[in-house]
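J.: Let me give you the structure first, and then I'll get to my questions.
The values are calculated or read from the model by the stated rules, or taken from the named source; none is laboratory data. Bear in mind that the values here come from a model prediction, so they are computed numbers and not experimental data. Note: ideal-geometry Cβ built from the backbone for every residue, glycine included; neighbour counts use all protein chains shown. These area figures cover heavy atoms from the full protein model, side chains too; ligands, DNA and RNA do not enter into them. Shrake-Rupley method; radii C 1.70, N 1.55, O 1.52, S 1.80 Å.
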Amino acid sequence: MALCLGLLVSAPASAEPAPRPSSGAPATAAASAYWACSVPAGMTFTKAERRLNVCNPSGWAISYYVTTPADNLWACTLPSGFTHDLAERRLNVCNATGWDISYRLRVPSDNLWACGLPSGFTYDRAERRLNVCRANDYDLSYRLRTPANNLWACTVPSGFTYDLTERRLNVCAPNDWSNSYRLRR
């Protein structure tokens, strides 16, 4: 009778592959992504895991799958220079032991529907949407616009003035009246 013994060898944390994206999430993890014990400035993370003796030599601690922010990347933070157009509540993705929010990052651009108003942009329409900018709730989405002469906008960005205003229903404020401004520089 033969006796077979097998060895279970685990790879080091830095050699683990990128986490599999959830349904609907594009697989855009950068080739330079890596597991780390903290997230450096200017970076984001796409997964958090609780690991034994990795970031804490004598117990459990959180490891983060760190990557460079990119357009259409599902991430756990909103890095500077990005906005988001979708938020989802996910289990054991951004929070190693429970539910947390993942954001689909977007590079701000003209005519993009986004969940926030990034610096250097205005908007010309706002809509209240369910399960888009806030998971399991209603929140506002804004159609971003690059400020320009004669653009009708909901805000007057720095460096611009306006020469005409109109009170409009359901344009800049859903279910309410608000002002739109014709921008001038």
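J.: So Thr97 ticks every box in (1) assigned to a strand (DSSP E or B); (2) open to solvent by 60 Å² or more (accessible area, probe 1.4 Å); (3) under 25 Å from Glu49 (Cα atoms) but one. Which box is left unticked?
T.: Of (1) assigned to a strand (DSSP E or B); (2) open to solvent by 60 Å² or more (accessible area, probe 1.4 Å); (3) under 25 Å from Glu49 (Cα atoms), only one is false for Thr97: (1).
J.: Moving to a separate point now. Have a look at Asn175, Asn149, Asn179 and point out the one that is farther than 30 Å from Trp74 by Cβ and at pLDDT below 95. Before the answer, list the steps.
T.: Details: Asn149 fails: at pLDDT below 95; Asn179 fails: at pLDDT below 95.
From the options Asn175, Asn149, Asn179, the qualifying one is Asn175.
J.: Being within 28 Å of Trp60 (Cβ to Cβ) and open to solvent by 20 Å² or more (accessible area, probe 1.4 Å) is the filter here; which residues of region 84-94 pass it?
T.: Glu88, Arg89, Arg90, Leu91, Asn92, Val93
J.: Follow-up question, since we're still on this one. Assess whether Tyr181 counts as being among the aromatic types (Phe, Trp, Tyr), part of a strand (DSSP E or B) and out of contact with any Phe, Trp or Tyr (no Cβ under 6 Å at 6 or more places or on another chain).
T.: On the way: among the aromatic types (Phe, Trp, Tyr): yes; part of a strand (DSSP E or B): yes; out of contact with any Phe, Trp or Tyr (no Cβ under 6 Å at 6 or more places or on another chain): no.
No, not satisfied.
J.: Give region 154-185 a look and list any residue that's basic (Lys, Arg) and closer than 22 Å to Asp139 by Cα, or say none.
T.: At the first step, the residues of region 154-185 found to be basic (Lys, Arg) are 167-168, 182, 184-185.
Correct list: Arg168 only.
J.: Just give me the residues in region 129-145 being part of a loop (DSSP other than H, G, I, E, B) and open to solvent by 50 Å² or more (accessible area, probe 1.4 Å), in sequence order. Working first, answer last.
T.: Taking region 129-145 first, the residues part of a loop (DSSP other than H, G, I, E, B) are 131-137.
Matches in region 129-145: Asn131, Arg134, Asn136, Asp137.
J.: While we're here: State which residue is most open to solvent (accessible area, probe 1.4 Å) when the search covers only region 146-167 and only residues that are of a type outside the set (Val, Ile, Thr) and closer than 21 Å to Ala114 by Cα.
T.: Step one: filter region 146-167 for residues of a type outside the set (Val, Ile, Thr), giving 147-154, 157-160, 162-164, 166-167.
Remaining after also requiring closer than 21 Å to Ala114 by Cα: 147-148, 151-154, 157-158.
Details: Pro147: 25, Ala148: 44, Leu151: 22, Trp152: 61, Ala153: 1, Cys154: 15, Pro157: 21, Ser158: 120 Å².
Selected residue: Ser158.
J.: Within region 63-76, count every residue that is over 22 Å from Arg129 (Cβ atoms) and open to solvent by 50 Å² or more (accessible area, probe 1.4 Å).
T.: Result for region 63-76: 2.
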